[in-house]
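**Q** The following block contains the structure, expressed as structure tokens.
Throughout, read-outs are computed from the coordinates displayed, never taken from laboratory work. Values in this document were obtained by computation on a predicted structure and should not be read as measured data. Cβ sites come from the backbone with ideal geometry, for glycine too, and all protein chains shown count toward neighbours.
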Amino acid sequence: MSLTMCSNCNLPFSSRFRNDNVCLPCFKRSRGYDLTKADEAHERLAEEAKDLMEQVSTFKARVAELETLKKRVVELESQVKSSTQTTTVSLTSVPETFLKTLIMLCHPDKHGNSEKALEATKTLLALRKPR
Ligand SMILES: [Zn+2]
């Protein structure tokens, strides 16, 4: 048993036979039979099932979009990591007086001897021009 789309109403139904291409309510209508309450319930369930199938496909597309975005974020994170290493190179063009100001501002003494402040100060000191 598998779900097939009815070629008449375009709603999903479970086909019992391989050559079924219309749902039972559509089959009954085509033959002029009266529909039972069960047939009407079948149609309402089929409409619900179609809505759910559309939602699932929307969610799958959204998941694919998010996975693409996640890959992009990972790429950007690695670019940021590698670019912070090259930023130190471009800082060599910073004027000496501004470099002194930066060193003064990030001195570990002013930041509770934090690792980051120490690291930043060392990096800035390394950029100073030899005298
Ligand atoms: Zn149908």
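**Q** Name the residues whose placed amide hydrogens come within less than 5 Å of the amide hydrogen of Cys9, ignoring near sequence neighbours (fewer than 5 apart) on the same chain.
**A** Those lying under 5 Å, H to H, from Cys9 are Cys23.
**Q** Continuing with the same structure: Working from Cα positions, state the angle (0 to 90°, nearest 10) between the long axis of helix 96-105 and the longest principal axis of the chain.
**A** Tilt of helix 96-105: around 70 degrees.
**Q** Give me the angle, in degrees from 0 to 90, between the Cα long axis of helix 115-127 and the longest principal axis of the Cα atoms of the chain, rounded to the nearest 10.
**A** In the chain, helix 115-127 runs at an angle near 60 degrees to the longest axis.
**Q** Run the numbers on the chain and let me know its relative contact order in percent, using alpha-carbon pairs under 8 Å that are six or more apart.
**A** Working: 81 pairs, mean separation 17.2, N = 131.
13 percent.
**Q** Kindly provide the pair-distance distribution of the chain built from C-alpha pairs, with 10 Å bins from 0 and whole-percent values in order of increasing distance.
**A** Spelled out per bin, shortest first, that is 10, 21, 14, 9, 8, 8, 9, 13, 7, 1, 0.
**Q** Tell me the net charge near Met53. Cut-off is 12 Å between Cβ atoms, Met53 excluded, with +1 for each Lys or Arg and -1 for each Asp or Glu.
**A** -2
**Q** A further question on this structure: Put +1 on the Cβ of each Lys and Arg and -1 on the Cβ of each Asp and Glu in the chain; which of Ser78, Ala38, Thr97 then has its Cα farthest toward the positive end of the dipole?
**A** Thr97
**Q** In whole Hz and in residue order, list the ³J(HN,Hα) couplings for region 52-57 that follow from phi through the Karplus curve 6.51 cos²θ - 1.76 cosθ + 1.60, θ = phi - 60°; x for Gly and Pro.
**A** 5, 4, 5, 5, 4, 5
**Q** Here's something else I'd like to know. Between Gln55 and Arg128, what length comes free when the chain is fully extended (0.36 nm per residue of separation minus the Cα-Cα distance, one decimal in nm)?
**A** Details: separation 73, 0.36 × 73 = 26.28 nm, distance 6.02 nm.
Between Gln55 and Arg128, full extension yields an extra 20.3 nm.
**Q** For Lys37, go through the lysines and keep the ones whose alpha-carbon is under 16 Å away, minus same-chain ones fewer than eight residues off.
**A** Filter leaves Lys28.
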